[in-house]
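The values are calculated or read from the model by the stated rules, or taken from the named source; none is laboratory data. As the structure is a computational prediction, the values presented were derived from the model and not from experiment. Cβ placement follows ideal geometry from the backbone for every residue including glycine, while neighbour counts extend to all protein chains displayed.
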Amino acid sequence: MCGIFCVHRYQGDIQAFKPEALQLSKSLRHRGPDWSGNITKLDTIMCHERLAICGVDTGAQPLQNTDGSIILAVNGEIYNHRALRAKYADYDFKTHSDCEVIIPLYLEHGVDAPKFLDGMFSFVLHDVKKNKVIAARDPIGITTLYQGFNSKAEETSYFASELKALHPVCDKIIAFPPGHVYDSETKETRRYFEPSWWDAEKIPSTPVDYQLLRETLEAAVRKRLMSEVPYGVLLSGGLDSSLIAAIAARETERVQNAQLQKNKFTEDGLVGGAQKDGTADLASLDEEATLAAWPRLHSFSVGLPGAPDLIAARGVAEYLGTAHHEHTFTVEEGIDALQDVIYHLETYDVTTIRASTPMYLLSRKIKAQGVKMVLSGEGSDEIFGGYLYFHAAPNSDEFHKECVARVKNLHLADCLRANKSTMAWGLEARVPFLDKQFLEVAMNVDPKEKLFTKERMEKYIIRKAFDTSDDPSAKPYLPHNILWRQKEQFSDGVGYSWIDALKDTAEKMVTDEQLANPKPEWKDDVPQTKEAYWYRCMFDNVFPQQCAESVMRWIPKSEWGVPSDPSGRAQKVHDQAYQGGAKQE
């Protein structure tokens, strides 16, 4: 991923504005520490801060076509770029970047170009001949994108990967909606992503197909191993990250075997054509063997000393044979980092901050170890109703509607956390559970299959899809105790005392009088706890009020009669649930 900052139809001298634009783009350099680029044409400036993952040698941005009439700035990864390059073989590609395929797509399909992309992306494209821009964001909002406005220059459009690049020049900022495309010529922002499951009122009735569920997730992981730099997996020891790690470990082994075959064929002088034993030819092996940078998959976990996640992750890593890196932090280190975390997250949502702090601290350690890309398990709980408050769903229809609502809002919660916690240190996180094809399969399963029962725990169907216990000849993906481990929300799993310490510290930082008298500018968005009040004040220390309009606070479904505290331990079904404000012993 990268950082983009773009201004279209600047009202004034664009060259005089350029130094300020470069400074605003510089505020995003943590997202793209590898190179900076900019192009100014007419009244438009496109700035880019690059994190090189694919096309490392030639992929500097902004990208241009041959005559410079199309300028493109992209933050993201396009997983189907090879197929698109083959389709547009007559196009004169200038780089090896996976993102360059957007230009010929636009030349053929115009504003419909995003429909044909498979990946995570936010981009702004300047059509110089028409002097217009189109901007688009991936279907679920895995990447971040904001659009800004200035009431004194209504013709000007601003776009950036983060709020911090916009608020100095914009008096209104919105989170650009996922799955949408903006056309400056018509000034319309419309949805291009139209999956079959989008309408929550249409309750699916498709029986679960365990094999299809498993194979589609495996394919989602496989395509996300596209990388020319060392990669790893975030491993909490919970179901979601462990499944991703298990699949990635198998894929890494497969790719390494392809590399060995390639080397053998080269040594034996077998450089093309079908082999006698029916194995792939060298050309296909060469494509396989470029995916992995290390001979073993590396995994990373974080927690307070003795945390549930650390213990579980250690067991998973040992089982999978990963090169495992276990990192700990102290409560004091976590609290000391809160202001920086909020600066990078650009939110004051309680659950996001609780979970992001350990992820932020871990990301710095991962980057220091030479890794630039990791796979992560975000999205599974929303797709399968894995949060423990889903136990209180009154029926399967309401269960499904809540799943759809949670997936649609991921860009304001877990996707935002995964993206900004990692990109604070120039580390890219990829999320296989949010693959378009996998969503099409998983979101169309009859919600009766997903409901909690006495016989079925949370996320039963995805656990069952990877349970090979009925096949003695199959190697299990995961140990039984991990595959069927109870859900631990990340902020709980890193150590129960983490949330307890945050609440205790907030009690000292915020008085009863302050909580009872919120700031007038907060209007209807008033913190209900001292912890929430504390975070909002830290947010206000670095961001003006217009930035708050893009923030969504994550809380469980209150209509179901569940506690408002987003911690999994707040739910009665948790093995160590809160009782009277303290956890069970």
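Worth pointing out:
- Screening the range 42-84 for residues that are crowded, with 17+ Cβ neighbours inside 10 Å and among the charged types (D, E, K, R) and picking the one that is farthest from the chain's Cα centre (by Cα) gives 43.
- Filter result (more than 21 Å from residue 140 (Cα to Cα) and either not polar (S, T, N, Q) or not in a loop (DSSP other than H, G, I, E, B) (or both)) within the range 192-213: 206, 207, 208, 209, 210, 211, 212
- Every pair of residues 6+ apart whose Cβ atoms lie under 9 Å, when the first sits in the range 37-50 and is among the basic types (Lys, Arg) while the second is assigned to a strand (DSSP E or B) and surrounded by fewer than 24 Cβ atoms within 10 Å (Cβ to Cβ): 50/35; 50/36; 50/37
- The conditions of being modelled with pLDDT of 85 or more, more than 16 Å from residue 380 (Cα to Cα) and part of a helix (DSSP H, G or I) are met by residue 222.
- Flag for residue 143 being part of a loop (DSSP other than H, G, I, E, B), modelled with pLDDT of 95 or more, within 24 Å of residue 387 (Cα to Cα) and hydroxyl-bearing (Ser, Thr, Tyr): yes
- Scanning the range 95-119 for residues that are farther than 21 Å from residue 142 by Cα and at pLDDT below 95 yields 95, 96.
- Every condition in (1) over 16 Å from the mean Cα position of the chain (by Cα); (2) among the aliphatic types (A, V, I, L, M); (3) closer than 22 Å to residue 225 by Cα; (4) modelled with pLDDT of 95 or more is met by residue 374 except one, and the failing one is (1).
- Segments classed as strands (runs of 3 or more DSSP E), wholly inside the range 23-94, with at least 3 members that are more than 25 Å from residue 435 (Cα to Cα): 35-41, 44-50
- When 171, 240 are checked against the criterion of being in contact with a Ser or Thr (Cβ under 9 Å, 6 or more places away or on another chain) and more than 30 Å from residue 256 (Cα to Cα), a single residue qualifies: 171.
- Flag not set for residue 139, criterion: in contact with a helix residue (DSSP H, G or I) (Cβ under 9 Å, 6 or more places away or on another chain), assigned by TED's automatic domain parsing to the domain that holds residue 18, over 21 Å from residue 400 (Cβ atoms) and not polar (S, T, N, Q).
- Taking helices (runs of 4 or more DSSP H) as the structural unit, those lying wholly within the range 318-401 and holding at least 2 residues that are in the same structural domain as residue 434 (by TED's automatic domain parsing), touching a residue at least 12 places away in the same chain (Cβ under 8 Å) and buried (at least 24 other Cβ atoms within 10 Å of the Cβ) correspond to 338-345, 350-368, 380-384.
- Against the conditions (1) buried (at least 24 other Cβ atoms within 10 Å of the Cβ); (2) over 18 Å from the mean Cα position of the chain (by Cα), residue 238 satisfies every one except (2).
- Each residue in the range 413-457 was checked for being assigned to a helix (DSSP H, G or I) and either under 22 Å from residue 337 (Cβ atoms) or touching a Lys or Arg at 6+ places or on another chain (Cβ under 6 Å) (or both), and 11 pass.
- Residues that are out of contact with any helix residue (DSSP H, G or I) (no Cβ under 8 Å at 6 or more places or on another chain) and buried (at least 16 other Cβ atoms within 10 Å of the Cβ), drawn from the range 292-312: 293, 298, 310
- Residue match in the range 70-91 (condition: in contact with a Ser or Thr (Cβ under 6 Å, 6 or more places away or on another chain) and at pLDDT below 95): yes
- Selection count where residues are hydroxyl-bearing (Ser, Thr, Tyr), crowded, with 17+ Cβ neighbours inside 10 Å and assigned to a loop (DSSP other than H, G, I, E, B), scope the range 146-179: 2
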